[in-house]
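Once you've had a glance at the structure underneath, I'll fire off some questions.
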Amino acid sequence: MKRFAIGLFLSCAVFLLVSCGTPKAPAVSESQPDSGSNHVLLDEVNTAGKWFHAKKTRPIWAQEIKEAKKVKTLEGEETVEPGHFLCKGEAGDIWPQKKADLEKKYVATDEETDGWRKYLPRPDAEGVMAVQVDHPFVVYAKWGKLQGKGGDFLIKNYADKGHDHPADVWLVDRKLFGQTYERVAAAK
């Protein structure tokens with residue numbers, strides 16, 4: 001009986017220690033991010049109600065990647081998979097993009113320099129929804145964890161304008177946003 005009482009006491013003590021310990025933040029896999037990891041930030045910007053419609057206005061250059069490679073973007077290190085494109089903006093900023101996404105947003109021109117083909121924003125592209133965030137923040141994009149600075153923009157696809165917690169969100173540096181995007185006037 002004494003053994004049973006000691007075993008019961010130890011089991012209860014372990015249970016209390018485990019259940020009353022310091023709460024831990026939910027684990028977030030950086031290699032497999034999910035939209036749930038962006039909930040707090042999205043709730044914050046949705047509550048502020050400052051999303052606006054914007055479109056790219058400047059050309060980019062892109063080249064298809066033949067072998068996987070890591071690249072340093074403004075938001076962190078990202079991997080470009082074979083068959084995807086490495087895109088470069090006028091300010092030298094780079095980012096990876098799938099071919100389908102590139103072709104949905106841009107039109108290829110005949111101009112090519114050193115393996116980089118020039119692309120112009122599609123005039124019929126829907127654009128994006130954007131909101132400026134006034135403090136440093138982290139976004140878990142489909143391709144990884146991105147670090148935003150105060151003043152950078154959180155972006156989602158225009159098609160997701162009615163969704164509070166879309167799966168596809170990313171960020172754009174404040175200076176680059178001002179140089180390459182333009183606010184779309186609201187329809188009257």
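The values are calculated or read from the model by the stated rules, or taken from the named source; none is laboratory data. Quick caveat: nothing in here was measured; it's all calculated off a predicted structure. For neighbour counting, all protein chains shown are included, and Cβ atoms are generated from backbone atoms with ideal geometry for every residue, glycine included.
Regarding residue 182, is this residue in contact with a Ser or Thr (Cβ under 7 Å, 6 or more places away or on another chain) and more than 18 Å from residue 46 (Cα to Cα)? It would help to see each step written out before you state the result.
Working: in contact with a Ser or Thr (Cβ under 7 Å, 6 or more places away or on another chain): yes; more than 18 Å from residue 46 (Cα to Cα): yes.
It is true that residue 182 is in contact with a Ser or Thr (Cβ under 7 Å, 6 or more places away or on another chain) and more than 18 Å from residue 46 (Cα to Cα).
Still on this model: Answer with yes or no whether residue 121 is within 19 Å of the chain's Cα centre (by Cα), farther than 19 Å from residue 167 by Cβ, at pLDDT 90 or above and of a type outside the set (S, T, N, Q). I'd like the intermediate steps shown before the answer.
Details: within 19 Å of the chain's Cα centre (by Cα): no; farther than 19 Å from residue 167 by Cβ: yes; at pLDDT 90 or above: yes; of a type outside the set (S, T, N, Q): yes.
When the stated conditions are applied, residue 121 does not pass them.
Residues in region 56-98 that are under 24 Å from residue 126 (Cα atoms), among the charged types (D, E, K, R) and out of contact with any strand residue (DSSP E or B) (no Cβ under 6 Å at 6 or more places or on another chain): how many?
4
Another question about this same structure. Would you mind finding the one in 140, 158, 119 that is more than 21 Å from residue 38 (Cα to Cα), surrounded by 13 or more Cβ atoms within 10 Å (Cβ to Cβ) and touching a residue at least 12 places away in the same chain (Cβ under 8 Å)?
That would be 119, the only listed residue that is more than 21 Å from residue 38 (Cα to Cα), surrounded by 13 or more Cβ atoms within 10 Å (Cβ to Cβ) and touching a residue at least 12 places away in the same chain (Cβ under 8 Å).
If you check 49, 76, 83, which single one turns out to be surrounded by 12 or more Cβ atoms within 10 Å (Cβ to Cβ) and either of a type in the set (Gly, Ala, Ser) or farther than 24 Å from residue 185 by Cα (or both)?
76
Part of a loop (DSSP other than H, G, I, E, B), out of contact with any Leu (no Cβ under 8 Å at 6 or more places or on another chain) and either surrounded by fewer than 14 Cβ atoms within 10 Å (Cβ to Cβ) or modelled with pLDDT of 90 or more (or both): is that true of residue 54 in this structure?
no
What number of residues within region 57-73 are of a type in the set (Gly, Ala, Ser) and either surrounded by 14 or more Cβ atoms within 10 Å (Cβ to Cβ) or part of a strand (DSSP E or B) (or both)?
Qualifying residue count, region 57-73: 1.
Can you tell me which residue within region 86-102, out of those that are within 19 Å of residue 168 (Cα to Cα) and among the hydrophobic types (A, V, I, L, M, F, W, C), is surrounded by the most Cβ atoms within 10 Å (Cβ to Cβ)?
87
Conditions: (1) buried (at least 16 other Cβ atoms within 10 Å of the Cβ); (2) closer than 16 Å to residue 38 by Cα. Residue 177 meets all but one. Number of the miss?
(2)
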